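Before any comments, here is the structure.
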Amino acid sequence: AEPSARRCQEVWGERLLALGLYGSLARGEDGPYSDIEMYAVLRGEGEAFSYEWSAGPWKAEVDVYTPDVLLARAARVDERWPLVAGVYCQVRPLYDPEGFFRRLRQTAAAIPPERFRQAVEETLVGELYELIGKARNARVRGEESYLPELAVKTAHQGAMVLGLHHRRWYTAGSRVLPEALALPDRPPGFDPLARMVMAGRLSSPDAVTAALEGFWAGVTEWARRHGYRIDSPQAIPF
């Protein structure tokens with residue numbers, strides 16, 4: 001990471017407001033094949049671009065933002081929030097004389113609860129409802145080879161709903177399902193589906209379909225219990 005950091009300082013000089021690592025390297029959990037991920041924050045407004053390259057045995061990415069753009073990203077809540085919030089909250093500063101990364105972390109932590117409720121409802125309808133429809137169509141059309149992929153996606157989106165509901169982000173993409181299983185108040189049917197996916201037991205179309213339908217039945221009951229709306233009160237809400 002040091003050569004990339006030095007190059008950032010050479011290229012941007014006094015424009016460089018802050019420089020920090022994110023991802024596994026920032027958490028001290030990098031493995032032999034982990035890439036280097038870095039924020040370079042520049043003084044100014046309205047800029048966002050990145051450099052991504054490989055150099056023999058390693059790969060690096062430098063994401064360049066002005067403060068306004070990166071802070072706006074940290075304040076955003078959508079279905080991917082439980083997966084991406086950590087990149088704003090777990091930055092390891094390499095250069096940060098004005099405390100920008102502390103401000104970034106505070107911004108990510110100050111999102112109002114109603115934004116999470118909205119994101120849960122959007123994920124229930126926009127992701128899970130659509131996925132269960134695709135699974136049902138796959139059975140009707142005899143496209144059963146599609147079911148394992150749908151099971152993986154459904155378990156993942158179920159974990160996103162749980163993370164949003166609890167306002168908890170996952171420490172790494174590789175840990176989404178195990179960490180979701182450790183959260184309380186999980187929808188009925190989530191555990192069997194998640195464990196099926198984690199174990200790779202996806203060869204039986206009947207078993208996968210039963211797990212998907214069981215989770216959907218459980219998540220609709222769970223949504224009603226928590227006041228999340230799946231069905232619109234109007235046939236066309238606009």
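None of Arg102, Arg141 is in the same structural domain as Pro67 (by TED's automatic domain parsing) and out of contact with any Gly (no Cβ under 9 Å at 6 or more places or on another chain) except Arg102. Looking at region 161-173, is at least one residue over 19 Å from Asp78 (Cα atoms) and of a type outside the set (Asp, Glu)? Scanning region 161-173, I find no residue that is over 19 Å from Asp78 (Cα atoms) and of a type outside the set (Asp, Glu), so the answer is no.
Of everything listed in (1) within 28 Å of Leu25 (Cβ to Cβ); (2) within 14 Å of the chain's Cα centre (by Cα); (3) not polar (S, T, N, Q), the single unmet condition for Pro178 is (2).
Among the residues examined, Glu122 qualifies as at pLDDT 95 or above, surrounded by fewer than 17 Cβ atoms within 10 Å (Cβ to Cβ) and under 19 Å from Phe215 (Cβ atoms).
Every condition in (1) part of a helix (DSSP H, G or I); (2) of a type in the set (Gly, Ala, Ser); (3) under 24 Å from Pro112 (Cα atoms) holds for Ser232 except the one numbered (1). Restricting attention to region 191-229, the residues that are of a type in the set (S, T, N, Q) and in a helix (DSSP H, G or I) add up to 2.
Among the residues here, Ala194 does not qualify as in contact (Cβ under 8 Å) with a residue 12 or more places away in the chain, in contact with a Gly (Cβ under 9 Å, 6 or more places away or on another chain) and either within 23 Å of Gly23 (Cβ to Cβ) or surrounded by fewer than 16 Cβ atoms within 10 Å (Cβ to Cβ) (or both). Looking across region 65-110, the residues that are more than 13 Å from the chain's Cα centre (by Cα), of a type in the set (A, V, I, L, M) and more than 25 Å from Pro32 (Cα to Cα) come down to Val69, Leu70, Leu71, Ala72, Ala75, Leu104, Ala108, Ala109, Ala110. Just one residue in the set Arg102, Arg139 is more than 19 Å from Tyr22 (Cβ to Cβ) and either in a helix (DSSP H, G or I) or in contact with a His (Cβ under 9 Å, 6 or more places away or on another chain) (or both); that residue is Arg139.
Please determine, by comparing only the residues of region 10-31 that are under 27 Å from the mean Cα position of the chain (by Cα) and closer than 21 Å to Ala48 by Cβ, which one is surrounded by the fewest Cβ atoms within 10 Å (Cβ to Cβ). Residue satisfying both the conditions and the ranking: Leu17.
The values are calculated or read from the model by the stated rules, or taken from the named source; none is laboratory data. Note that this is a predicted model, so its numbers are computed, not measured. Cβ atoms come from the backbone with ideal geometry, glycine included; neighbour counts cover every protein chain shown.
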